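Peer 1: Dumping the structure here so I can ask a few things about it.
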Amino acid sequence: MAFTLNVNGQEHTIDAPEDTPLLYVLRDELGLHGARYGCGVGQCGACTVLSNGAPLRSCVVPAARLRERNLTTVEGLRGPDGAQHALHRAFVAEQAGQCAYCIPGMVMTAAALLKAKPRPTEAELRAALDANLCRCGSHNRIVRAIQRAAEELAR
């Protein structure tokens, strides 16, 4: 079945079975490897992308259902000139990723939060990340990174 997806501002024609999860289309068809396979049931957040600006677990949603949406992956946060987003820079500066497997999902969840609420409190930030798992225990550094990015974006 052929359908069209808008990913990171570009239209892509996809030829895949109707029930193929978005994550597989992103990684296998489009070569976008930022979203990661974690639990495969939408509970860990490693596969998080944005759908019309809202976090979406790409491992559980069939890609064909997202035809009318604007999808953004962690790669799509870069500027038109390829410059890193404030979240990318802040995560590196705060050394927020120990193994970094969860980081793309954390970054995408944070991007949605900061767009909706540019100056979240620490409690709001932790609540937003509650469904994103980090098995390394880097949550405090991740929170500091998002706070740093929020400061930079507010300037």
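The values are calculated or read from the model by the stated rules, or taken from the named source; none is laboratory data. Values in this document were obtained by computation on a predicted structure and should not be read as measured data. Every residue, glycine as well, gets a Cβ built from its backbone with ideal geometry; the counts of neighbours run over all protein chains shown. Only protein heavy atoms, including side chains, enter the accessible area calculation; ligands, DNA and RNA are left aside. Shrake-Rupley method; radii C 1.70, N 1.55, O 1.52, S 1.80 Å.
Peer 1: Among all residue pairs at least 6 apart or on different chains, which show Cβ distances below 7 Å where the first residue, located in segment 79-96, is closer than 16 Å to GLU151 by Cβ and of a type in the set (Gly, Ala, Ser) and the second is modelled with pLDDT under 95 and open to solvent by less than 40 Å² (accessible area, probe 1.4 Å)?
Peer 2: ALA96/SER138
Peer 1: Considering only residues that are touching a strand residue (DSSP E or B) at 6+ places or on another chain (Cβ under 9 Å) and small (Gly, Ala, Ser), look in segment 90-115 and name the one that is surrounded by the fewest Cβ atoms within 10 Å (Cβ to Cβ).
Peer 2: The extreme case among them is ALA112.
Peer 1: Pairs please, first residue from segment 4-32 and closer than 22 Å to PRO55 by Cβ, second anywhere and among the aromatic types (Phe, Trp, Tyr) and at pLDDT 95 or above, Cβ atoms under 8 Å, 6+ apart in sequence or on different chains.
Peer 2: ILE14/PHE3; LEU23/TYR37; ARG27/TYR37
Peer 1: Checking HIS33 against (1) closer than 27 Å to ARG155 by Cα; (2) assigned to a loop (DSSP other than H, G, I, E, B); (3) open to solvent by 30 Å² or more (accessible area, probe 1.4 Å), only one condition comes out false. Which one?
Peer 2: Looking at each condition in turn, HIS33 falls short on (1).
Peer 1: Of everything in segment 140-155, what is closer than 18 Å to CYS99 by Cα and surrounded by 14 or more Cβ atoms within 10 Å (Cβ to Cβ)? Give them in sequence order.
Peer 2: Within segment 140-155, ARG141, ILE142, VAL143, ARG144, ALA145, ILE146 qualify.
Peer 1: Assuming ALA96 fulfils every condition listed in (1) within 18 Å of GLN10 (Cα to Cα); (2) of a type in the set (A, V, I, L, M); (3) more than 12 Å from the chain's Cα centre (by Cα) apart from one, which condition is it?
Peer 2: Unmet condition: (1).
Peer 1: Which of the residues belonging to segment 74-121 are part of a helix (DSSP H, G or I) and β-branched (Val, Ile, Thr)?
Peer 2: VAL74, VAL92, ILE103, VAL107, THR109
Peer 1: Determine whether segment 45-58 contains at least one residue that is open to solvent by 40 Å² or more (accessible area, probe 1.4 Å), outside the structural domain of ALA145 (by the TED database) and either over 25 Å from LEU125 (Cβ atoms) or charged (D, E, K, R) (or both).
Peer 2: Yes.
Peer 1: Within segment 120-139, is there a residue that is in contact (Cβ under 8 Å) with a residue 40 or more places away in the chain, surrounded by 15 or more Cβ atoms within 10 Å (Cβ to Cβ), of a type outside the set (S, T, N, Q) and touching a Phe, Trp or Tyr at 6+ places or on another chain (Cβ under 7 Å)?
Peer 2: no
Peer 1: Evaluate the following for VAL74: is it of a type in the set (Val, Ile, Thr) and open to solvent by 90 Å² or more (accessible area, probe 1.4 Å)?
Peer 2: no
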